[in-house]
Every structure is written in C-alpha cells, then in structure tokens.
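Data first, discussion second: the structure below is written as structure tokens.
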Amino acid sequence: MATLTPAILQQAAEWHVLFSAGEASDSDRAAWQQWRAANPLHEQAWQQLAALTHRLQPLPSGIGQQLLQQQQGRRRTLRQCVLLLGCLGAGWQGWLRLQHGAVPQSFHADARRQHVTLADGSQLVLRAGARVQVSYDTQRRLIRLLAGEVAIATASDHHTPYRPLQVETRHGHITALGTRFTVALADGHTAVAVQAHAVHLQPWSGGAGLVLQAGEHGELGEEARRLPQPLDPATPDWVSGRIVVVNARLGDVVKRLAPHYPGALLCDPQAAALPVSGAFSEDNPQASLQAITATLPVKIVRRGPLWTLLTLR
C-alpha cells in the first residue's frame with residue numbers, strides 16, 4: 001500500500017517554505033508543478049498541507065500562522081512544517097473527525113468479493129484481493145483504489161454544494177458522471193469499463209483527459225485512451241458472483257469456488273486437468289459442484305463436513 005513517507009512530507013514542506021518566503025521564480029513554479037504531477041502522493045501531501053494551513057488560520061491568537069510563518073529562519077520553519085505534516089497520521093485523522101467526520105475508511109476483500117454501501121448510498125463491490133480507501137469531505141467523495149478491481153454504482157449526492165465522486169489510482173483519477181463502472185489496477189495502467197452513463201478519465205501526467213460512455217472501456221497511464229474493442233454493457237460476471245468459463249481447467253474453477261465453500265475444497269491432479277465450460281455460482285458452490293459432476297467424469301468424496309475432494313470416477 002503506497003503511503004506518505006517522511007521524504008515526501010519533507011519535499012512538500014520545502015515547497016511550502018519557498019512559496020511562503022516569496023522566493024519562488026517562474027522556473028521554481030514549473031518545477032513545483034512537475035513535482036506535483038510526478039506522483040499522486042506528492043499532490044496528496046501538498047493538498048493536505050494546504051488544507052492544514054487553511055484550517056490553522058482561525059485558531060486563537062493566530063497560532064497556526066505563527067507556527068507556519070514566523071520569521072526565525074528557513075530551517076526552523078521547515079522543521080515546523082514537517083512537524084505539522086506529521087499530523088497527517090493519527091492526529092490529522094482526529095482533526096478531520098472533529099471537523100467533518102471525514103476519517104478515511106479502508107476496505108479489503110480477502111479471498112472473496114465484498115459488498116460495501118457508502119454513506120451516500122453508493123455501492124461498491126470489491127473483487128477478491130481488492131483494497132480501497134474511502135474519504136468523503138465537503139469538497140468531494142473520494143475512493144482510492146490501492147489494489148485489485150472494484151465495481152461502483154454511484155448514488156445521487158444531496159450535499160450542498162454538490163460533491164463529485166472520484167476514483168484515484170496511481171495513474172490518475174476517474175470522475176463519475178452519474179454511472180456504473182469498474183476500475184482495475186494493472187501493472188502499467190488502470191483499466192476502466194463503463195456499464196451505464198459516463199466517466200471522465202484524467203491522467204496524473206497532465207495529459208488530455210477523455211470521457212468514456214456506456215459500453216466503452218479505456219486505460220489510464222501516461223495518457224488516457226479509449227480502447228477500440230466494443231464492450232459488453234452487462235455487469236461483469238465477477239460482480240454477480242458468476243464464473244463463466246470456456247474450456248478452462250477444472251482445477252482453476254475449483255480454486256475460485258474454494259473460498260466460498262465451507263471447509264476445504266480440493267481437486268486431485270488428474271481431475272484438475274479436465275476441460276470444463278459453463279456458468280457456475282460462487283454464492284452457491286454446492287450447486288456448482290453438482291453441475292460439474294453431472295457433466296464431467298468426476299465424483300465428490302467427503303471426509304467429514306470440512307473436507308471435500310473432486311476426483312475421477
């Protein structure tokens with residue numbers, strides 16, 4: 001999981017001191033913009049420092065501004081900025097709780113998919129292995145995808161002013177335009193598929209964004225691009241818990257059913273190599289096993305309630 005490091009906090013503090021001192025040149029501003037665009041964590045550190053500075057302004061006797069702006073040397077001011085940025089951990093979360101109730105929530109799907117209903121009624125389905133962090137504030141509804149794939153069905157926001165729902169990954173951010181869509185992290189890009197309405201893709205690199213409509217899919221990397229192949233607008237099978245395969249190895253299907261089965265579900269090596277086609281339900285693995293034994297030369301062997309083996313007849 002990518003997190004803010006002391007080095008990134010130090011860099012953000014140095015930029016803040018440079019601009020607060022009025023010493024920034026045009027080249028400094030260009031380098032600052034490049035630094036923010038180079039890594040989403042850079043932008044996160046900068047935005048949270050700016051928000052912290054703003055929130056400290058109304059404290060009694062100008063405490064916040066004294067801490068950030070007292071003219072006792074660049075080095076001391078830098079140390080104070082880093083100290084304040086340390087509040088982005090537990091102390092910063094506590095401040096957010098007092099101000100907005102906006103403490104980030106983390107969700108992780110282990111071996112099976114997980115359904116999550118957010119505060120505004122939006123629905124998430126996390127595919128097995130997915131990790132997200134959710135934070136709502138007065139400006140936006142933010143979902144950070146840290147690993148895996150998530151399906152999102154957005155709800156209307158009744159907050160004033162309206163808060164857009166955005167998904168951030170290490171490659172850029174996706175803004176929902178009243179929609180259902182999926183977002184998946186891959187090695188070098190983020191894959192986005194739209195089932196209803198539209199989304200806007202914007203890469204961190206600063207390149208041009210684009211809008212994907214229902215039935216389209218695209219990628220976020222160094223740039224945002226639309227993929228040419230048409231997309232089946234139906235909800236992906238994994239969201240509904242279906243396993244649809246054509247000439248797949250039985251062993252692979254059993255591995256996908258196993259996390260949803262009570263106890264251990266195994267497949268012997270000879271049976272595991274058999275090809276299988278069909279649609280099977282993760283939510284009803286017993287029925288899925290019955291369908292498999294009805295179409296393949298395999299049988300179910302049970303040793304007590306917590307051990308099940310598929311083997312050749």
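Which residues, taken from the range 177-188, are surrounded by fewer than 23 Cβ atoms within 10 Å (Cβ to Cβ) and out of contact with any His (no Cβ under 6 Å at 6 or more places or on another chain)?
Residues of the range 177-188 surrounded by fewer than 23 Cβ atoms within 10 Å (Cβ to Cβ): 177-180, 182, 184-188.
Arg180, Thr182, Ala184, Leu185, Ala186, Asp187, Gly188 - these are the residues of the range 177-188 that are surrounded by fewer than 23 Cβ atoms within 10 Å (Cβ to Cβ) and out of contact with any His (no Cβ under 6 Å at 6 or more places or on another chain).
Within the range 277-305, the set of residues being surrounded by fewer than 11 Cβ atoms within 10 Å (Cβ to Cβ) and touching a Pro at 6+ places or on another chain (Cβ under 9 Å) comprises Pro305 only.
Return yes or no: is Leu274 buried (at least 17 other Cβ atoms within 10 Å of the Cβ) and not assigned by TED's automatic domain parsing to the domain that holds Ala109? The answer is yes for Leu274. Considering only the range 195-216, how many residues are crowded, with 19+ Cβ neighbours inside 10 Å and either more than 16 Å from the chain's Cα centre (by Cα) or touching a residue at least 60 places away in the same chain (Cβ under 8 Å) (or both)? Summing the residues that are crowded, with 19+ Cβ neighbours inside 10 Å and either more than 16 Å from the chain's Cα centre (by Cα) or touching a residue at least 60 places away in the same chain (Cβ under 8 Å) (or both) in the range 195-216 gives 4.
If I ask for residues that are assigned to a strand (DSSP E or B) and of a type in the set (A, V, I, L, M), which ones from the range 121-143 would you list?
Residues satisfying the conditions are Leu124, Val125, Leu126, Val132, Val134, Leu142, Ile143.
With respect to the conditions (1) over 21 Å from Gly148 (Cα atoms); (2) touching a residue at least 60 places away in the same chain (Cβ under 8 Å), Val246 lacks only one, and its number is (2). Every listed requirement among (1) over 21 Å from Gly206 (Cα atoms); (2) at pLDDT 65 or above is met by Leu56 save one, (2).
Evaluation of Thr311 against the conditions (1) in contact with an Asp or Glu (Cβ under 6 Å, 6 or more places away or on another chain); (2) at positive phi shows that the sole unmet condition is (2). No other residue among Arg225, Arg256, Arg180 is touching a residue at least 12 places away in the same chain (Cβ under 8 Å) and closer than 30 Å to Val298 by Cβ apart from Arg256.
Can you pull out the residues in the range 144-164 that are among the β-branched types (Val, Ile, Thr) and part of a loop (DSSP other than H, G, I, E, B)? Talk me through it step by step, then tell me what you get.
Filtering the range 144-164 down to residues among the β-branched types (Val, Ile, Thr) leaves 150, 152, 154, 160.
Correct list: Thr154, Thr160.
The values are calculated or read from the model by the stated rules, or taken from the named source; none is laboratory data. Not measured: the values here are computed from a predicted model. Don't worry about glycine lacking a Cβ; one is built from the backbone with ideal geometry, like all the others, and counts go over all protein chains shown.
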